[in-house]
Amino acid sequence: MSNEVIIKLNSVGSFSVGKTSLIRRYTNNTFSEDYLPTLGVDITVKRGIIIDAKPIRLVFMDTAGEEKFGSLRKTYFEGSLGCIAVYDITRPETMKDLDNWLKEYRSVAGEDKIISVIGNKIDLAGRRKVPATDGQRYARSEGSDFYEASAKFGGKIIPKIFIDLVQKVLTNLNK
C-alpha cells in the first residue's frame with residue numbers, strides 16, 4: 001500500500017524482562033516458556049493496523065538487553081519513533097536500569113520520542129518486588145504512559161499498549 005504509514009519502534013530494558021515476549025504476544029499472539037536471549041536485534045513486522053483510516057505497518061527493532069550489544073543497539077535506535085521500556089516486577093534492579101536504557105535510547109532517537117513504560121510478568125504477582133505505584137511514579141517522571149502486563153497470559157492490555165503508543169507517535173508526527 002502506497003499510503004501505508006511505517007512506524008519504527010524499539011524495545012529497551014535489561015535481559016530477560018520480557019521485551020521479545022511482549023512483542024511476540026502482540027504480533028503473533030504467542031508465548032514461549034523457553035528463554036532464548038535476543039542476539040543483537042530481532043526485527044518483527046506487524047501489518048493490518050488501521051488508525052484514523054490510515055493503514056499502519058509497525059517495524060519492531062527488538063534489541064538485546066545484554067551490555068555487549070550496546071554499540072549494535074544504537075544503530076537500530078536511529079529513525080525510531082517510539083519504544084517500550086520494559087522492567088520485570090520481580091527484579092527491582094531492572095526498573096532502576098531503565099534510566100540508563102532511556103538515556104541510551106534518547107541519545108540516538110531523540111528526546112521527543114514516545115515511550116511507554118511496562119512492568120511485565122504480573123503473572124508472578126506472588127513474587128512481586130516492584131509495586132505498581134513505583135512504576136506509575138517512574139513513568140510519570142519520564143512523561144510516559146504506564147502499563148502492567150503479562151506476556152505469558154496476554155489479555156486486552158497488550159494490544160492497548162501498542163495501539164496507544166502508535167496513536168501518540170502519529171500525534172507526535174503531526175505536530
For peptides 113-121, 143-151, sequence by mean Cβ density within 10 Å, most packed first: 113-121, 143-151
Residues of region 134-159 with backbone nitrogen within less than 12 Å of a virtual label 7 Å along the Cα-to-Cβ line of residue 171, please, listed as ranges. 144-145
All aspartates and glutamates inside 20 Å of residue 152 as judged from Cα atoms, apart from same-chain residues fewer than 8 positions distant: 33, 34, 42, 62, 88, 123
Of 85, 133, 61, whose Cα points farthest to the positive end of the dipole of the chain (charges on the beta-carbon: +1 Lys, Arg; -1 Asp, Glu; origin at the Cα centre)? 133
Which percent of the Cα-Cα distances in region 5-173 go past 19 Å? 51 percent
Please give the calculated 222 nm ellipticity per residue for the chain, where each DSSP H segment of at least 4 residues contributes -39500 (n - 2.57) and the sum is spread over every residue; nearest 500 deg cm²/dmol? -10500 deg cm²/dmol
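Bear in mind these aren't lab numbers, they're just calculated from the coordinates by the rules spelled out. No experiment lies behind these values; they were computed from the predicted model shown. Backbone-built Cβ (ideal geometry, glycine too); neighbour counts: all protein chains shown.
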